[in-house]
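Here is the structure we will look at.
Quick note: the coordinates plus some simple rules give every number you see, no bench work behind them. The model shown is predicted, which means the values in this text are computed figures rather than measured ones. Note: ideal-geometry Cβ built from the backbone for every residue, glycine included; neighbour counts use all protein chains shown.
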Amino acid sequence: MSSAKKAAAANKAASAGEASFAEESTAVEEAPSAGKASPAKKTSSAKKAASAKKAPAARKKAPAAKKAAPVKKAAAVKKAPAPRKQVVAPQKATAAVSASPARTVDPHPRGESRTALVRRARRIDRELAEVYPYAHPELDFENPFQLVVATVLSAQTTDLRVNQTTPGLFARYPTPEDLAAANPEEVEEILRPTGFFRAKTKSVIGLSKALVEQFGGEVPGRLEDLVKLPGVGRKTAFVVLGNAFGRPGITVDTHFQRLVRRWRWTEETDPDKIEAAVGALFPKSDWTDLSHHVIWHGRRICHARKPACGACPIAPLCPAYGEGETDPEKARKLLKYEKAGQPGQRLKPPQAYLDAGGRPAPPLGAG
Ligand code: SF4
């Protein structure tokens, strides 16, 4: 782990030099259009102006129309994109958030400068770090081998289900050598609860064989080696690098993709491009923790179908505020895991999580 810390320190030093945004302000970027009249009003005025021009009689009868915006302005309004609602974020969404004044949020900060985007992105990450100071990988593991296997198994299922399954797997096959020599049918039976168990059996036995044959039974600590293992893509490789080797990596899972688009950090849809775009907004040394913060927020509050905006601590910074339930009481009912007093996904979570009131997940079949 000392080499990992050195690597993290080296990355931090390198990123401190490259980031021209390091001296960022903590001020929230004010919405540039906050003081302007709402587009809906303009459109309505524009229509009145147009009709006033066509029918002078009507203009006499309706003097208010005379005061409408000039025709030129009306034409400009017609070309503008469909108006979006202006939303006012709550002053304080949860007890975990420091009080901040209510702000009008620009719902689509497309004209946001690069510097402003970097500041906003880093401010969101700092706020999330306060909300989830105990954020950690939600797969149980005791060594890199267990983590790479657990991450492969986590495809198309929950971390909870993997955590409930791997104790039996690693008790029976504790090393890559053991799993490489395993009877596939026995492994399939153990992995059945994770779904796609035949393909997953093939992957974990295949990657164990590759570890034994190509890497002396050790999980390699380099991206280019990890992605050569069967069933291991960039996402899995970064999970392993970041959490078992202390090497910075961004984990672009489904939550990460959804949230960074809601926050307008990037418009990219390809995971590799998202990784590059978001990585460029943060120092490398922040990447692993950033991934945890974003994924934790996606799992607990900013859900895919029903984001709990009314209970969201970063609502004042979010361009998508209002996409979900804004009523604080109703939003609180949408929270999950420790934010709702429910068990987490790990059977053996870190002590910091337990100290903060988090509860361990039950073993398989216990609930
Ligand atoms: S829950 Fe709502 S306010 Fe919070 S990050 Fe998600 S979309 Fe934005």
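Would you order 200, 284 from fewest to most other beta-carbon atoms within 10 Å of each residue's own beta-carbon?
Ranked by crowding around the Cβ, least crowded first: 284, 200.
Report, by chain and number, residues whose modeled amide H sits under 5 Å from the one on residue 359, excluding near sequence neighbours (fewer than 5 apart, same chain).
Residues meeting the amide H criterion: 344.
Just rank 292, 136, 297, fewest to most, by other beta-carbon atoms within 10 angstrom.
Ascending Cβ contact count within 10 Å gives the list 136, 292, 297.
Name the residues of segment 242-272 whose amide N is less than 12 Å from a point 7 angstrom out from the Cα of residue 215 along the C-beta direction?
242, 244-245
What percent does the relative contact order of segment 144-355 come to when contacts are Cα pairs within less than 8 Å and at least six residues apart?
After rounding, I find 15 percent.
Which of the pairs 284/339; 273/330; 209/336; 235/330; 209/339; 273/336 have their Cα atoms more than 32 Å apart in this structure?
From the list (284/339; 273/330; 209/336; 235/330; 209/339; 273/336), the Cα-Cα distance tops 32 Å for 273/330; 209/336; 235/330; 209/339.
Under the Karplus relation 6.51 cos²θ - 1.76 cosθ + 1.60, θ = phi - 60°, what is the ordered set of whole-Hz ³J(HN,Hα) values for segment 135-148, x standing for Gly and Pro?
Karplus-based 3J(HN,Hα) across segment 135-148 equals 4, 7, x, 9, 9, 6, 7, 10, 7, x, 4, 5, 5, 5 Hz.
Multiply the residue gap between residue 330 and residue 277 by 0.36 nm, knock off their C-alpha separation, and tell me the result in nm, one decimal place.
Here the segment from residue 330 to residue 277 would lengthen by 15.7 nm.
Assuming R0 = 25 Å, what is the FRET efficiency of residue 304 and residue 340, from their Cβ-Cβ distance, to the nearest 0.05?
0.90
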